[in-house]
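The values are calculated or read from the model by the stated rules, or taken from the named source; none is laboratory data. Source: prediction; values computed, not measured. Cβ placement follows ideal geometry from the backbone for every residue including glycine, while neighbour counts extend to all protein chains displayed.
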Amino acid sequence: MPEPTALEQLARAEAQAIAVEIEGVRAVVIATVDGFDVASSVSGGADAQRIAALASSIAAIGQVVSTEAGLGRGTSVTVNTASGFALVHSVRRADTDLVIHIIAGEGALLAQVNYRAAEAVRRLEAA
Amino acid sequence: MNEHKILFTGTMGAGKTTAIAAVSETPPVVTDVRNTDASLGKAFTTVGLDFGLLTLDNGDRLRLFGTPGQVRFDFLWKILAQGALGVIILIDNSRPAPVDDLRTYLDGFADELRRLPCVIGVGRRETHPSPDSDAYAAAAAERGLALPVLEVDVRRRGDVLLLIDTLLMQIEADLASRLDA
């Protein structure tokens, strides 16, 4: 098995950190824009590969909505649910774009997760 | 004016995005992103949906939706199929096992195909003549389906319109038979 790249190591560290730091986070998946998981931290039997594909679709549809509305580049999508929320943030890099998908249940604070996700975006974009 | 929904599906690279772009009278909505899978010889892949619009001669409007082709996005297939009047399955005859590819979509849309008309469009047959149309028809017949199989080049607007026309004729025939019953 090939050694993980520096980007993969950073993605893994960020995914694990978010899952540990924030109460209520159930899954963090960092994926390629075409839906392959790069790094993940999931609990409760969640399927990281499935979440990666979902993240890719959601990010792409969000981008289309943003473009069609004349609002520029789409940066994130929030899905509010009856018992939690899901966030998808886009990561723009020179070599490869990524998406971060965070699924959180009750007890998680949307603003806190958003803030931490934005921090992860900055780190992944700068690496 | 009536509006109808038609769904395009099929393998990555079969031409779903191209087909909708060939006939849409408005710039199509496209969710193509860079493909990171080096085993697939394609620079971009659809991860959300394609969308286009086409007005028929009678003033009715067709909303054309395209699905992502890759199976890991199959969660979108059922969502995009909701409310569709019919399904067009595009197959790339140059792929290693195109009849198996067809089976993937016949199974993936099995619930829908029990009640919706469907047309199969096979591309790249000029350069890859085998398998022939009978092989695709046989694969559909395995599942109790009698589906038209057309050889098409979806870069040509006329070929895409032929697929749509064939599907619409099936829809009309189904409607007529239900009214007669």
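Identify, please: which residue in the range A:73-117 is within 14 Å of chain B (Cβ to nearest Cβ) and of a type in the set (S, T, N, Q) and is, among those, farthest from the chain's Cα centre (by Cα)?
This residue is A:96.
Within the range A:25-45, the set of residues being surrounded by fewer than 16 Cβ atoms within 10 Å (Cβ to Cβ) and more than 14 Å from chain B (Cβ to nearest Cβ) comprises A:43, A:44, A:45.
For the range A:64-90, which residues satisfy the criterion of being out of contact with any Phe, Trp or Tyr (no Cβ under 9 Å at 6 or more places or on another chain), within 21 Å of residue B:74 (Cβ to Cβ) and modelled with pLDDT under 95?
Initially, the range A:64-90 is screened for residues out of contact with any Phe, Trp or Tyr (no Cβ under 9 Å at 6 or more places or on another chain), giving A:65-77, A:80-90.
Okay, now just the ones that are also within 21 Å of residue B:74 (Cβ to Cβ), so A:77, A:86, A:88.
Answer for the range A:64-90, where residues must be out of contact with any Phe, Trp or Tyr (no Cβ under 9 Å at 6 or more places or on another chain), within 21 Å of residue B:74 (Cβ to Cβ) and modelled with pLDDT under 95: there is none.
Evaluate the range A:36-44: report whether one residue or more is assigned to a helix (DSSP H, G or I) and acidic (Asp, Glu). No - not one qualifying residue is present in the range A:36-44. If I go through the range A:81-109 residue by residue, how many of them are within 15 Å of residue A:27 (Cα to Cα) and not β-branched (Val, Ile, Thr)? Here the count works out to 13.
Among the residues of the range B:28-41, write down those that are of a type outside the set (Val, Ile, Thr), within 10 Å of chain A (Cβ to nearest Cβ) and over 18 Å from the mean Cα position of the chain (by Cα). Across the range B:28-41, the qualifying residues are B:34, B:35, B:37, B:40. Listed by first and then second residue, the pairs linking a residue in the range B:153-181 that is over 16 Å from residue B:60 (Cβ atoms) to a residue that is at pLDDT 95 or above and of a type in the set (S, T, N, Q), with Cβ atoms under 8 Å apart and 6 or more places separating them unless they lie on different chains, are B:154/B:18; B:155/B:18.
Considering the conditions (1) within 14 Å of chain B (Cβ to nearest Cβ); (2) surrounded by fewer than 16 Cβ atoms within 10 Å (Cβ to Cβ); (3) not polar (S, T, N, Q), residue A:48 is excluded by exactly one of them, (2). Take the conditions (1) touching a strand residue (DSSP E or B) at 6+ places or on another chain (Cβ under 8 Å); (2) closer than 23 Å to residue B:157 by Cα; residue B:109 misses just one of them, which is (2). For the range A:53-67, name all the residues that are under 18 Å from residue A:85 (Cβ atoms) and within 11 Å of the chain's Cα centre (by Cα). Once the filter is applied, which keeps residues that are under 18 Å from residue A:85 (Cβ atoms) and within 11 Å of the chain's Cα centre (by Cα), the range A:53-67 yields A:54, A:55, A:58, A:59. Taken as a whole, the structure places residue B:150 among residues that are without any contact (Cβ under 8 Å) to a residue 40 or more places away in the chain and part of a strand (DSSP E or B). Residue-level check: of (1) without any contact (Cβ under 8 Å) to a residue 60 or more places away in the chain; (2) surrounded by 14 or more Cβ atoms within 10 Å (Cβ to Cβ); (3) away from chain A (no Cβ under 14 Å); (4) among the polar types (S, T, N, Q), residue B:46 misses just (3). Filtering the range B:23-43 to residues that are of a type in the set (Ser, Thr, Tyr) and either closer than 19 Å to residue B:13 by Cβ or surrounded by 13 or more Cβ atoms within 10 Å (Cβ to Cβ) (or both) leaves B:24, B:31, B:36, B:39.
Of the residues making up the range B:51-89, those that are of a type outside the set (A, V, I, L, M, F, W, C) and at the interface with another protein chain (Cβ under 10 Å from one of its Cβ atoms) are B:68, B:70, B:72, B:74.
Listed by first and then second residue, the pairs linking a residue in the range A:72-101 that is farther than 19 Å from residue A:125 by Cα to a residue that is among the charged types (D, E, K, R) and at pLDDT below 95, with Cβ atoms under 8 Å apart and 6 or more places separating them unless they lie on different chains, are A:83/A:106; A:84/A:106.
Mind counting the residues in the range A:110-127 that are of a type in the set (A, V, I, L, M, F, W, C) and either in contact (Cβ under 8 Å) with a residue 60 or more places away in the chain or surrounded by 16 or more Cβ atoms within 10 Å (Cβ to Cβ) (or both)? So the answer is 6.
Quick check on the range B:96-115. Is at least one of its residues in a loop (DSSP other than H, G, I, E, B), farther than 20 Å from residue B:47 by Cβ, away from chain A (no Cβ under 14 Å) and in contact (Cβ under 8 Å) with a residue 12 or more places away in the chain? So that I can check it myself, show each step before the final result.
Applying the first criterion (in a loop (DSSP other than H, G, I, E, B)) to the range B:96-115 yields B:96-97, B:109, B:114-115.
Pick out the ones that are also farther than 20 Å from residue B:47 by Cβ and you get B:96-97, B:114-115.
Those left that are additionally away from chain A (no Cβ under 14 Å): B:96-97, B:114-115.
Still in the list and also in contact (Cβ under 8 Å) with a residue 12 or more places away in the chain: none.
Checked the range B:96-115: no residue is in a loop (DSSP other than H, G, I, E, B), farther than 20 Å from residue B:47 by Cβ, away from chain A (no Cβ under 14 Å) and in contact (Cβ under 8 Å) with a residue 12 or more places away in the chain.
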